Amino acid sequence: MARAEDVFHHLSNRTMANWPRNRPSAHRLKRCRIVSHRGEHDNRLRLENTLPAFDAAADAGVWGIELDVRWTKDLLPVVFHDPDTRRLFSQEDRIGQMSLSTLKKRHPMVPTLEEVVKRYGKRMHLMMEIKKEPYPTPSLQSERMKKVIEKLSPVQDFHLMSLDPDMFTHFEFLPPATFIPIARVRIDRVSRQSMACGWGGLAGHYLMATNDMIFRHRRLNQGIGTGFADSRRCLYREAARGVDWIFSNRAARMQAICDRA
């Protein structure tokens with residue numbers, strides 16, 4: 001699935017980058033809310049989901065950062081995308097099978113969620129993707145999450161996202177508008193579910209989110225996030241459509257385009 005998605009993103013990005021687009025108004029570009037997907041990273045000199053990656057996004061004036069939340073063996077939230085460290089660190093360590101102290105000893109670049117919230121909370125909007133995984137002690141994990149984000153205002157300062165909306169049930173202390181489901185496929189079904197549950201909106205690939213869908217969610221005061229706008233012409237398309245959150249793997253570059261408008 002991941003490989004197929006990579007090919008799809010690559011082909012759609014190449015097509016969109018070469019598709020002629022009219023430049024939207026300066027007003028529309030200025031109001032863009034760009035979200036740096038896992039921070040500004042290349043996974044060589046700067047790794048995804050690390051403080052240097054998020055610092056680079058912040059220094060570029062990007063509106064928000066997207067980050068991934070997983071839990072250690074001792075049930076503390078950390079920021080990491082994969083269930084194991086093989087892709088980034090060429091080791092087979094599984095996040096959920098290591099205590100926080102062991103994880104920090106083996107992979108000190110992996111930040112805790114608390115570190116990220118303290119460093120960027122209220123400075124940037126936090127789009128926190130909750131990864132699907134077992135929650136062995138949901139009440140404890142809910143309480144720990146509540147403590148980490150207690151100084152932030154839901155919706156105003158952060159949203160919780162997930163490819164599996166069932167994960168939202170672990171955080172029912174938050175208002176429904178905090179939750180943004182991510183549609184990998186069958187975006188219409190996810191859209192209907194979000195509207196029925198009164199969640200904060202919807203996120204998905206820019207080719208799947210139709211103008212009618214944007215209108216329907218906007219009518220309910222819900223937002224739409226699309227990814228990944230990694231070229232000027234794709235940014236122009238999404239800005240012209242009035243998309244609420246534009247996710248990008250080249251967010252600093254997209255932000256610079258908006259700032260020059």
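The values are calculated or read from the model by the stated rules, or taken from the named source; none is laboratory data. Everything numeric in this text was worked out from a predicted model, so none of it was measured. Cβ atoms come from the backbone with ideal geometry, glycine included; neighbour counts cover every protein chain shown. When the accessible area is computed, the model is the full protein with side chains, heavy atoms only, and any ligands, DNA or RNA have been set aside. Shrake-Rupley method; radii C 1.70, N 1.55, O 1.52, S 1.80 Å.
Key figures
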quantity	calculated
Unique match (being not in a helix (DSSP H, G or I) and not small (Gly, Ala, Ser)) among 52, 24	24
Any hit, the stretch 9-19, residues being part of a loop (DSSP other than H, G, I, E, B) and either open to solvent by 60 Å² or more (accessible area, probe 1.4 Å) or among the hydrophobic types (A, V, I, L, M, F, W, C) (or both)	yes
So residue 12, is it closer than 28 Å to residue 183 by Cα and modelled with pLDDT under 95	yes
Residue in the stretch 172-180 that is in contact with a Lys or Arg (Cβ under 7 Å, 6 or more places away or on another chain) and without any contact (Cβ under 8 Å) to a residue 60 or more places away in the chain present	yes
Helices (runs of 4 or more DSSP H) contained entirely in the stretch 151-261, each with at least 3 residues that are small (Gly, Ala, Ser) and within 25 Å of residue 61 (Cβ to Cβ)	251-259
All positions within the stretch 184-210 that are open to solvent by 40 Å² or more (accessible area, probe 1.4 Å) and on the phi < 0 side of the Ramachandran plot	184, 185, 188, 189, 192, 193, 195, 196, 197, 207, 208, 210
Pair list, Cβ < 7 Å and 6+ apart or interchain, from the stretch 226-253 residues that are closer than 21 Å to residue 162 by Cβ to residues that are aromatic (Phe, Trp, Tyr) and open to solvent by 20 Å² or more (accessible area, probe 1.4 Å)	247/228; 248/228; 249/228
